[in-house]
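The values are calculated or read from the model by the stated rules, or taken from the named source; none is laboratory data. For clarity, every value in this text was computed on a predicted model and none was experimentally measured. Neighbour counts run over all protein chains shown; Cβ positions are idealised from the backbone, glycine included. These accessible areas exclude ligands, DNA and RNA; they are computed on the full protein's heavy atoms, side chains included. Shrake-Rupley method; radii C 1.70, N 1.55, O 1.52, S 1.80 Å.
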Amino acid sequence: MQVFSYGNRKLPKETLIVNITSAAACPSEKLGFCRCSEVCYAKKCERIYKAYSHKNTLIESYMYLWDDRDLKEMLMYYILYSPVKIKYVRLNEAGDFPNQQSVNRWSNIGKWLYKVFGIKTYCYTCREDLNFSGVNFIVNASSPNIKGHRWFFCVNKDQFEQLPSEAVKCKGDCHKCTLCYSSKYQGVIYCKQH
């Protein structure tokens, strides 16, 4: 079974994707923090692609069994034997952080990834109840109540099209833009719901 994956239709192949939870069991949705649960792209993928859903559910259960050494060894394997040089690790393509312990764990792993491989780690999160201060990964917060690097705000198609011209808009394709994971920008990025 492939634990992690290399990019997807929107993410470049040099991005290693790590899902901590499944979209179906997303902690942010269960706690009422997610504002996009009705149009969640990850939930849609899990409904359509049963193998993807099964993999995410299985990995979620393993995340509680693996210690940091296990995760670092797997990450190292995926990085050293990847088809292209890995530049980024994306956390939570599906789901979100289950608890503060998970945030702290991935902060330590993010520090290790940067120190050993020069790889930046980043995430998107709705977890308003967790502390992201001083973490060793880039936080794209889906709520203004989260102390992150920037606010990533989803709006519907009509709202997106009516944003002022100076608004920073997600291009919807990370092959064309690195604003969320490779910049020092600290404002709002508007994303069109898909």
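The rows are residues; the columns are (1) in a loop (DSSP other than H, G, I, E, B); (2) touching a Leu at 6+ places or on another chain (Cβ under 7 Å); (3) open to solvent by less than 20 Å² (accessible area, probe 1.4 Å).
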position: Tyr114; (1), (2), (3): no, no, no
position: Asn131; (1), (2), (3): yes, no, no
position: Asn136; (1), (2), (3): yes, no, no
position: Val139; (1), (2), (3): no, no, yes
position: Ser143; (1), (2), (3): yes, no, yes
position: Lys147; (1), (2), (3): yes, no, no
position: Cys154; (1), (2), (3): no, no, no
position: Glu166; (1), (2), (3): yes, no, no
Is it true that some residue in the stretch 19-32 is touching a strand residue (DSSP E or B) at 6+ places or on another chain (Cβ under 6 Å) and either in a loop (DSSP other than H, G, I, E, B) or in contact (Cβ under 8 Å) with a residue 12 or more places away in the chain (or both)? no
Does the stretch 120-146 hold any residues that are of a type in the set (Ser, Thr, Tyr) and within 22 Å of Ala25 (Cα to Cα), and which are they? Tyr122, Tyr124, Thr125, Ser142, Ser143
Within the stretch 61-97, tally of residues that are over 13 Å from the mean Cα position of the chain (by Cα), surrounded by 12 or more Cβ atoms within 10 Å (Cβ to Cβ) and in a loop (DSSP other than H, G, I, E, B): 4
Matching residues, the stretch 170-194, being in a strand (DSSP E or B) and within 17 Å of Pro144 (Cβ to Cβ): Val188, Ile189, Tyr190, Cys191
Assuming Trp106 fulfils every condition listed in (1) modelled with pLDDT of 95 or more; (2) crowded, with 21+ Cβ neighbours inside 10 Å; (3) not in a helix (DSSP H, G or I) apart from one, which condition is it? (3)
Residues of the stretch 113-134 classified as of a type in the set (Val, Ile, Thr), more than 24 Å from Tyr190 (Cβ to Cβ) and in contact with a helix residue (DSSP H, G or I) (Cβ under 7 Å, 6 or more places away or on another chain), total: 1
